[in-house]
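Coordinate-derived values only; no laboratory data. This one's a predicted model, so the numbers in the text were calculated from it and none came from an experiment. Note that each Cβ is placed from the backbone with ideal geometry, even for glycine, and that neighbours are counted across all protein chains shown.
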Protein chains: 2
Amino acid sequence: MREYASLSKSELQRLQSELRARYEELRGLRLSLDMSRGKPSAGQLDLSNSLIDDLTAGDYMAGEVDCRNYGGLDGIAGMKRIFADILGVLPGQVIVGGNSSLAMMFDSVAANMTHGVRNGEPWAAQGRVKFLCPVPGYDRHFSICEYFHIEMIPVPMDENGPNMDIVESLVSRDHMIKGMWCVPKYSNPEGIVYSDEVVRRIAALRPKARDFRVYWDDAYTIHHLYGDLAKIPNILEECEKAGNPDMCYIFASLSKVSFGGAAVSCMCSSDGNVGYIKKRLSVQMIGPDKINQLRHVRFFKDAAGVRAQMDRHAAILRPKFELALETFGRELDGVGCRWTRPRGGYFISFYSIRGCAVKIVGYCGECGLTLTAPGSTYPYGKDYDDSNIRIAPSFPGIEELRRALEVFCVCVKLATVEKLLAASAPLIPPR
Amino acid sequence: MREYASLSKSELQRLQSELRARYEELRGLRLSLDMSRGKPSAGQLDLSNSLIDDLTAGDYMAGEVDCRNYGGLDGIAGMKRIFADILGVLPGQVIVGGNSSLAMMFDSVAANMTHGVRNGEPWAAQGRVKFLCPVPGYDRHFSICEYFHIEMIPVPMDENGPNMDIVESLVSRDHMIKGMWCVPKYSNPEGIVYSDEVVRRIAALRPKARDFRVYWDDAYTIHHLYGDLAKIPNILEECEKAGNPDMCYIFASLSKVSFGGAAVSCMCSSDGNVGYIKKRLSVQMIGPDKINQLRHVRFFKDAAGVRAQMDRHAAILRPKFELALETFGRELDGVGCRWTRPRGGYFISFYSIRGCAVKIVGYCGECGLTLTAPGSTYPYGKDYDDSNIRIAPSFPGIEELRRALEVFCVCVKLATVEKLLAASAPLIPPR
């Protein structure tokens, strides 16, 4: 296929009218498709249906603990053990939460803003708090920052993770940089796995702020697509070795293992941090839902049970990712876009030529295909290249996905052609 | 029985040595008893065991909503309907939460401190925030205030609720009084039901702070002991009528209906407040556990199903309360104490003569009986009379409770006699 960028104006115009006709056809179908959020599909949820009725009415004791009643601030032992084994930490370093690790992150930021980290002053009392945000990244991390008026500093990512020269330079100079978001494995949306060197350089940071904290959102820690689960150094161990034992909070959940909305989350950190956080939790609530924890313990039994489930998820997800990648390869050859080829996680990160993402997402919307809002993978929703679109192929069924990808590619091509026609000079894709 | 206060020194000394002997006997038994927290007993929890396995594996749809997946920020329709019917509000005024209404209260205070109420400035940015705390009250309300450095102003309660002359006078003068805790029905620990007049005067407050909020913790709204469920005016309606539509947040839960640790909570307020709060929730989390909501909807079916369950709870709880009241009446006649006779809720509020509560709780602890820490029913743990003890008879079995009450009465009498012996002048119980 000839490169779009090399086409003459008249060739582009001919292409535009073809694409416009196809687009109008699709628009007339009044489709309702969604590739916007990293939601498990019904088929994936079905894998865990036994969770719903696995417990018998008489099964509510976890050892000595009546899971029905109040109490148990940091979770039942069996649940801690599973998270500890998955994340390579000690059970005592695990605080089991409710159904949402996002809520645990929000709460942690909130508490550090108003009360400070362990042995620290309230962040908010020290001035305008800043967070480093590797980009593109997870929109909900950015929303938390926006909510708390935390200034977000974007840090570029490459195939090894965040650019550590920039990170090191920034945190060593500015005492108001109090945090950094990381999705270290199969990152959202890039699918990048941080290299060993990046993990170790993060652990060994020498921040000017003694109360700097790494928010290590290990959301996709076991979420491989091809069986070759990536391994990265244990961040808590690396922090300990580097003399930063309290610098990192790990967050994870079983939301994309069992049920998106009804699973179990956790937070892990040093013993010191765990003790400090539990003091806050003892004011905030009586304890998380232990019955749901017990269901998960009974259903998965152990970390191996969880991992086996992930193989089943991969078997469902892999064809969807492959369909997307095949479709992009076939339909978008020569168009001038690029996209990631993740080995795990929930997203493909797609880059149009500069200045097209808003238009593409708008066109898709007109055709009934919902995509993540353009720009949402960047702090303040500002993608200065207007190029990145997060593709979430997990939720639709395969035929629905096929249709969604068809719509997407037509809209990409149409927007690209129009951009090229409008541009005074040829445009190249960013990076 | 002769009044202790009228006994001579030698009579008191004889009594002391008898009681001391009995106390030592009890201490030697190395008992392990607990009347400290308002926890449902195993028998009460058993009433809801079907919740554990009632749902079948294929039952996860609530109308169009797949309860397994992400989403549904404010809960499923069936759960909202039940809460709305119980609390006399509209379903649209209900935000369903996770397993803890305490967490919803904490989050609400946290958000108002950092971001302010709807159309308000952050409380914390305006100076030292103050809350009115009717006393005695719920220790965990006070803990939330302490955590956020909110100054607590105790307001005395009488049999109709908080002293409204004091409340009105305080809130009309001080713009830093931003909140007030209320447990309007079967209050913790007094078991008081607010009178219609008190409810209406609360609703009609004219606070100097436009961002004043009533935290209406309706924890025991259907928790009667004798079938004669108290009715009080609908606070949201009364606020609306009085021109204060946004002034009140209601909190409630099914924790003491189904499972203490694995039930469903809610928050209700005006449409305006609900819309505002949902904006925060959309940053804080993806949604509450809808599967657990669906379990509750299937199990209880409707508000009538919930109310029927409360009759069964009452049948279990009533004999425990009656045993406590009988025991106090028999054992403590003439000792100079007083106690409440609640028609609902989870507590009996007990008053020793002045200056004995710490000693009584200490003696009980020595005998293996755990009680709520003395003073914890007051802000900052300061019961200036050293008199109030919260009795929670719900958790122990009836024979265990009998023994616990025996221990308690011996310790009360011993501490009272010792106090009288030590006092230069006779002491009278407070109030």
Practice item. As a check on your grasp of the helix formula, calculate [θ] at 222 nm for chain A: sum -39500 (n - 2.57) over DSSP H runs of n ≥ 4, divide by the residue count, round to the nearest 500. Key: -13000 deg cm²/dmol
Review point. Hey, got the average number of other protein chain Cβ atoms within 10 angstrom for residues in A:291-303?
Key: 2
Check your understanding: In sequence order, what are the phi-derived ³J(HN,Hα) couplings for segment B:22-27 according to the Karplus relation 6.51 cos²θ - 1.76 cosθ + 1.60 with θ = phi - 60°, rounded to whole Hz, with x for glycine and proline?
Key -> 5, 4, 5, 4, 4, 4
Review point. When the Karplus curve 6.51 cos²θ - 1.76 cosθ + 1.60 is applied with θ = phi - 60°, which whole-Hz ³J(HN,Hα) does each residue of segment B:159-175 get, with x for Gly and Pro?
Key: 5, 9, x, x, 5, 6, 4, 5, 4, 4, 5, 5, 5, 7, 9, 10, 6
Practice item. For B:D271 and B:L31, compute 0.36 nm times the residue count separating them, minus their Cα-Cα distance, and round to one decimal in nm. Key: 81.2 nm
Review point. Hey, what did segment B:59-302 get for relative contact order, percent, Cα under 8 Å, at least 6 apart?
Key: 27 percent
Check your understanding: Between rounded, prolate and oblate, where does chain A land on the alpha carbon gyration tensor, with a ≥ b ≥ c its root eigenvalues, rounded for a/c under 1.5, else prolate if a/b exceeds b/c?
Key -> oblate
Check your understanding: Averaged over peptide A:34-45, how many Cβ atoms belonging to another chain are found within 10 Å of each residue's Cβ?
Key -> 2
Review point. What percent antiparallel are the DSSP beta bridges of the protein assembly as shown, to the nearest 5?
Key: 45 percent
**Study point:** Peptides B:271-278, B:35-42 ordered by average Cβ neighbours within 10 Å, highest first
**Key:** B:35-42, B:271-278
Point to revise | Estimated inter-spin distance, B:I166 and A:A125, nm [label 7 Å along Cα→Cβ] | key: 3.0 nm
Revision key, fill the gap. Against the 2.2 N^0.38 Å rule of thumb, the C-alpha Rg of segment B:309-355 sits at a ratio of 1.30
**Study point:** Which listed pairs, of B:K382/B:K413; B:K208/B:K231; A:K9/A:K413; A:K382/B:K279; A:K80/A:K178; B:K80/B:K185, have C-alpha distances above 18 Å, in listed order
**Key:** B:K382/B:K413; B:K208/B:K231; A:K382/B:K279; A:K80/A:K178; B:K80/B:K185
Review point. By the gyration tensor of its Cα atoms, with a ≥ b ≥ c the square roots of the eigenvalues, what is the shape of segment B:216-313: rounded for a/c under 1.5, prolate for a/b over b/c, or oblate?
Key: oblate
Practice item. Answer rounded, prolate or oblate for segment B:7-128, using the Cα gyration tensor with square roots of eigenvalues a ≥ b ≥ c: rounded when a/c is under 1.5, else prolate when a/b is larger than b/c, else oblate. Key: oblate
Revision key, fill the gap. Relative contact order in percent for chain A (Cα pairs under 8 Å, 6+ apart) equals 26 percent
Review point. Using modelled backbone amide H atoms (1.01 Å from N, in-plane), which distant-in-sequence or interchain residues come within less than 5 Å of A:A62's amide H?
Key: A:C67
**Study point:** Max mean-square fluctuation residue, GNM over chain B, Cα-Cα springs under 10 Å, options B:Q126, B:Q93, B:Q44
**Key:** B:Q126
Study note, to complete from the structure: homo-copy label distances at B:E322 (7 angstrom along Cα-Cβ), nm, one dp, ascending, are 7.1
Point to revise | Peptides B:227-238, B:22-33 ordered by average Cβ neighbours within 10 Å, highest first | key: B:227-238, B:22-33
**Study point:** Equivalent ellipsoid semi-axes - Cα gyration tensor, the protein assembly as shown, angstrom
**Key:** 56, 27, 27
Exercise for review: Just order B:182-189, A:318-325 by mean Cβ neighbour count inside 10 Å, highest at the front, would you?
Suggested key: B:182-189, A:318-325
Review point. Could you list, bin by bin from short to long, the percent of Cα-Cα pairs of segment A:55-306 in 5 Å steps?
Key: 1, 6, 14, 18, 20, 17, 12, 7, 3, 1, 0, 0
Exercise for review: May I ask what percent, to the nearest 5, of DSSP beta bridges between residues of chain A are antiparallel?
Suggested key: 45 percent
Review point. Assigning unit charges at the beta carbon (Lys, Arg +1; Asp, Glu -1) and nothing else, what dipole magnitude in debye, to the nearest 20, does chain B show about its Cα centre?
Key: 420 debye
Review point. Lys/Arg Cβ at +1, Asp/Glu Cβ at -1, dipole of chain A taken about the Cα centre: which of A:L254, A:M157, A:P396 is farthest positive-ward?
Key: A:M157
Practice item. Can you pull the one-decimal nm distance between simple spin-label points at B:E322 and A:Y384, each 7 Å off the Cα toward Cβ? Key: 7.7 nm
Practice item. Taking a label point 7 Å out from Cα toward Cβ, give me the nm distances from A:E121 to the same spot in the other copies, shortest first, one decimal. Key: 2.2
Review point. Taking θ as phi - 60°, what are the ³J(HN,Hα) couplings along segment A:97-112 by the Karplus curve (6.51, -1.76, 1.60), each to the nearest whole Hz, with x for Gly and Pro?
Key: x, x, 8, 9, 6, 4, 4, 5, 5, 4, 4, 5, 4, 4, 5, 5
Check your understanding: Over all residues in A:188-194, what is the mean tally of Cβ atoms on other chains that come within 10 Å of each residue's Cβ?
Key -> 0
Check your understanding: What spacing in nm lies between the two simple spin-label points modelled at B:R307 and B:E146, each 7 Å away from Cα in the Cβ direction?
Key -> 3.9 nm
